[in-house]
Amino acid sequence: MKKRILSLLMTLCVAVCFVPTLAFADETPTQTVVKIDVGGEPTKTDDYEITSSMIKILKPDQVYELTGTTNKEIRFWGSADLNARKNFYLKLDNVTTGAIGA
């Protein structure tokens, strides 16, 4: 009987130790998907820009879904801080392109 009570007490202590970890954990941000037709007309938005010669992916930590056919370069733009780590997420849905630049 003493072992059972001690076992329940230890289980409760372990569970209580994890409560602060769960309470202060960072929530995973939900990422929206930005759909881009790479063969589209020149366009400028906050997320991307299509010019006559290139497609600029502007926002890091964003999911971009590219579709279509183009010979334009796909470029990834960030801040002037070269040491800053940036993640760009591309989903290619039957994309045909001539070049990818950085």
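Between the amide H of ILE74 and those of ILE55, ALA99, ILE100, GLY101, distances stay under 5 Å, these residues lying 5 or more places away or on another chain, with hydrogens modeled in the peptide plane. Distant-in-sequence amide contacts of GLU65, defined by a placed amide H-H separation under 5 Å and a gap of 5 or more residues or a different chain, comprise VAL34, LYS35, ILE36, LYS91.
In the assembled protein chains, MET54 presents an accessible area of approximately 40 Å² (probe radius 1.4 Å). The lysines within cross-link reach of LYS72, meaning a Cα-to-Cα straight distance under 16 Å and a gap of 8 or more places when in the same chain, are LYS44, LYS56.
The values are calculated or read from the model by the stated rules, or taken from the named source; none is laboratory data. Computed from a predicted structure; not experimentally measured. Accessible surface is based on the protein model in full, side chains and every heavy atom, while ligands, DNA and RNA are left aside. Shrake-Rupley method; radii C 1.70, N 1.55, O 1.52, S 1.80 Å.
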